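Contents: one structure, followed by commentary.
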Amino acid sequence: GQQVMQIPQYQHVQEGEDFTTYCNSSTTLSNIQWYKQRPGGHPVFLIQLVKSGEVKKQKRLTFQFGEAKKNSSLHITATQTTDVGTYFCAGPRDSGYALNFGKGTSLLVTP
Amino acid sequence: DTAVSQTPKYLVTQMGNDKSIKCEQNLGHDTMYWYKQDSKKFLKIMFSYNNKELIINETVPNRFSPKSPDKAHLNLHINSLELGDSAVYFCASSLSPGGRLYFGPGTRLTVT
């Protein structure tokens with residue numbers, strides 16, 4: 001079945017450094033979604049990418065969807081302590097009835 | 001207004017007990033889910049309901065039984081709790097199956 005792999009599992013950066021997390025699927029995805037979970041909180045939707053090669057920006061966050069629609073990345077420029085949390089990518093299951101989540105990348109930002 | 005709410009937020013219980021978690025959404029969504037998040041933060045789908053009909057039933061022990069009395073509610077009953085059931089259980093909803101998810105605050109279940 002469809003699996004979504006995400007790396008790295010953890011990333012520790014100094015405030016102001018950049019951060020990137022990568023997501024790869026074993027199959028072509030119709031779309032990919034990104035979520036952020038703050039410590040002690042619940043996952044919150046960030047964005048959905050649908051088109052091949054799509055790039056979307058939200059302030060310091062840049063999201064990309066690969067040309068083959070099998071990989072995606074989230075890049076944060078000049079991290080801040082408010083970026084701390086776990087970032088998940090998620091793709092539709094084969095049936096399309098739910099999302100399969102990657103294992104997440106936990107980001108720690110040191111002031 | 002809370003879009004997706006769950007009760008209780010914390011649940012501490014002993015092995016062998018039976019417990020229930022309730023979930024309600026006021027977004028008018030057709031689809032609701034239960035996800036389990038383990039200690040390594042892995043989010044795994046357990047069940048999905050669309051218009052009160054079960055559409056996903058993952059390889060979950062049959063001690064877990066979901067119930068959807070109406071489109072706005074999805075409850076989870078767990079029988080004969082085991083240590084390995086300790087996790088955070090998230091309810092979520094979406095406008096349609098596979099769509100953007102709105103998560104509840106989670107229920108942290110600890111089985112002792």
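The values are calculated or read from the model by the stated rules, or taken from the named source; none is laboratory data. Note that this is a predicted model, so its numbers are computed, not measured. In this analysis, Cβ positions are derived from the backbone assuming ideal geometry, glycine residues included, and neighbour counts consider all displayed protein chains.
Among strands (runs of 3 or more DSSP E) entirely within region A:1-53, having at least 1 residues that are among the polar types (S, T, N, Q), in contact (Cβ under 8 Å) with a residue 40 or more places away in the chain and closer than 21 Å to B:R100 by Cβ singles out A:4-7, A:19-25, A:32-37. Within region B:9-24, the residues that satisfy the criterion of being part of a strand (DSSP E or B) and within 13 Å of another protein chain (Cβ to nearest Cβ) are B:Y10, B:C23. Considering only residues of region B:28-54 that are assigned to a loop (DSSP other than H, G, I, E, B) and surrounded by 13 or more Cβ atoms within 10 Å (Cβ to Cβ), which is modelled with the lowest pLDDT? Ranking the qualifying residues of region B:28-54, first place goes to B:K52. Once region A:74-94 is narrowed to residues that are free of Cβ contacts under 8 Å to residues at least 60 places away in the same chain and in contact with a Gly (Cβ under 8 Å, 6 or more places away or on another chain), the residue that is nearest to B:R100 (Cα to Cα) is A:T86. Picking from residues in region A:81-101 that are closer than 20 Å to A:T62 by Cα and at the interface with chain B (Cβ under 9 Å from one of its Cβ atoms), the one that is surrounded by the fewest Cβ atoms within 10 Å (Cβ to Cβ) is A:T86. Give the residue that is farthest from the other protein chains (Cβ to nearest Cβ), with candidates limited to residues of region B:84-104 that are closer than 15 Å to B:K71 by Cβ and in a loop (DSSP other than H, G, I, E, B). By that ranking, first place goes to B:L95.
Residue-wise test of (1) more than 23 Å from B:S96 (Cβ to Cβ); (2) modelled with pLDDT of 95 or more.
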{"residue": "A:I7", "(1), (2)": "yes, yes"}
{"residue": "A:Y10", "(1), (2)": "yes, yes"}
{"residue": "A:V13", "(1), (2)": "yes, yes"}
{"residue": "A:Y22", "(1), (2)": "yes, yes"}
{"residue": "A:V44", "(1), (2)": "no, yes"}
{"residue": "A:G66", "(1), (2)": "yes, yes"}
{"residue": "A:S95", "(1), (2)": "no, no"}
